[in-house]
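Below: the structure, in structure tokens.
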Amino acid sequence: MNEALRQSLGLEGVHNARELGGYRTVDGRTVRHGVLIRTAQLSDATEADWKKLLEDYQLSLAIDLRTSVESNRHPDPKIPGVDVVALSPLGVNLPLIFSRLEKNEDMTPEELDDYRMRVVYEQLGSSKHARRVYQKIIRLLLEADGKTVLWHCTEGKDRTGIVAVLILSLLGVDRETCIQDYLLTNDYFPDEPDAEDDLDRPFAASTSNLDHRVKRAWLELALTQLEQEYGSIAEALRLTPEEIAQLQSAYLE
């Protein structure tokens, strides 16, 4: 079976909706199916989508990684029985940085797009604020103790992708498999984005050629930033061996 299809939740109104179940760890265990879910924004979820999430996956917690501007524009619906926690790893200075970059006439649109995304990923990997957010997310997973948790941003690719890689890494999945899960986003979006959808992208410039794809180099930049000071993801997030063992016990089989 195609890897992208194997991970898909098959939702109607939610893009890039998939789970982490089925991945093997280096010690031979397997990530439990249906308990770790990553998606794009939930504002367009259909009634059938919510029925699947609640009945089939027994969703208990949704973590919104978007900025307040994004979440106010397309708020998560309030669903009985599902707690929603807002935790944005992005700093407030990014719009200012982008406004300056967009005035750089020495770059082609493609070069500017790539550079802007590198700025995003560097921020997601290097900022103390982002690291504190990742720490809080892992704490929530520990508190959930095996219950189903979903996390999402706007498109479910950058912030959501990094969080997925962090979780898989802590569970003991090898780095290349983590990267391949991140890159599955490229199978979930068409090659050419819809121009109207692009207006809602948090990082898109009015004349941008940004599409919905991701690049290995972006993720590796963020991980390098995250690990270079501490040596490992676990140390960067200040997790004890006991906490990692608890996380693995809850979400592996």
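The values are calculated or read from the model by the stated rules, or taken from the named source; none is laboratory data. Being a predicted model, the structure only gives us computed values, none of them experimental. Neighbour counts are summed over all protein chains in view; Cβ atoms, including those assigned to glycine, are modelled from backbone coordinates with ideal geometry.
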**OP:** Given the conditions (1) at pLDDT 90 or above; (2) part of a helix (DSSP H, G or I); (3) over 19 Å from Glu70 (Cβ atoms), report the number of the one that Ile162 does not fulfil.
**Re:** (3)
**OP:** List every residue pair whose Cβ atoms lie under 6 Å apart, where the two residues are 6 or more positions apart in sequence or sit on different chains, the first residue falls within the stretch 57-76 and is assigned to a loop (DSSP other than H, G, I, E, B), and the second residue, located anywhere, is at pLDDT below 90 and among the hydrophobic types (A, V, I, L, M, F, W, C).
**Re:** Thr67/Leu90
Original post:
Taking the condition under 20 Å from the mean Cα position of the chain (by Cα), exposed (fewer than 15 other Cβ atoms within 10 Å of the Cβ) and modelled with pLDDT of 90 or more, does Gly22 pass?
Top reply: yes
Original post:
Do you know which of the residues in the stretch 30-49 that are outside any loop (DSSP other than H, G, I, E, B) and either charged (D, E, K, R) or touching a Pro at 6+ places or on another chain (Cβ under 8 Å) (or both) is surrounded by the most Cβ atoms within 10 Å (Cβ to Cβ)?
Top reply: Arg38
Original post:
Across the stretch 138-159, which residue is nearest to Thr224 (Cα to Cα) among those that are in contact (Cβ under 8 Å) with a residue 24 or more places away in the chain and in a helix (DSSP H, G or I)?
Top reply: Arg159
Original post:
Can you name the residue in the stretch 145-155 that is in contact with a strand residue (DSSP E or B) (Cβ under 6 Å, 6 or more places away or on another chain) and over 14 Å from Ser71 (Cβ atoms) and is also surrounded by the most Cβ atoms within 10 Å (Cβ to Cβ) among such residues?
Top reply: Leu150
Original post:
When you go through Val35, Val31 one by one, which is the residue that is out of contact with any Ser or Thr (no Cβ under 6 Å at 6 or more places or on another chain) and touching a residue at least 60 places away in the same chain (Cβ under 8 Å)?
Top reply: Val31
Original post:
If we keep just the residues of the stretch 7-29 that are of a type in the set (Asp, Glu) and in a loop (DSSP other than H, G, I, E, B), which is nearest to Phe189 (Cα to Cα)?
Top reply: Glu12
Original post:
Only one of (1) basic (Lys, Arg); (2) surrounded by 18 or more Cβ atoms within 10 Å (Cβ to Cβ); (3) within 19 Å of Leu247 (Cα to Cα) fails for Arg66. Which number is that?
Top reply: (3)
Subject >> Candidates Ala245, Ala205 - the one that is surrounded by fewer than 20 Cβ atoms within 10 Å (Cβ to Cβ), modelled with pLDDT under 95 and among the aliphatic types (A, V, I, L, M) >> reply: Ala205
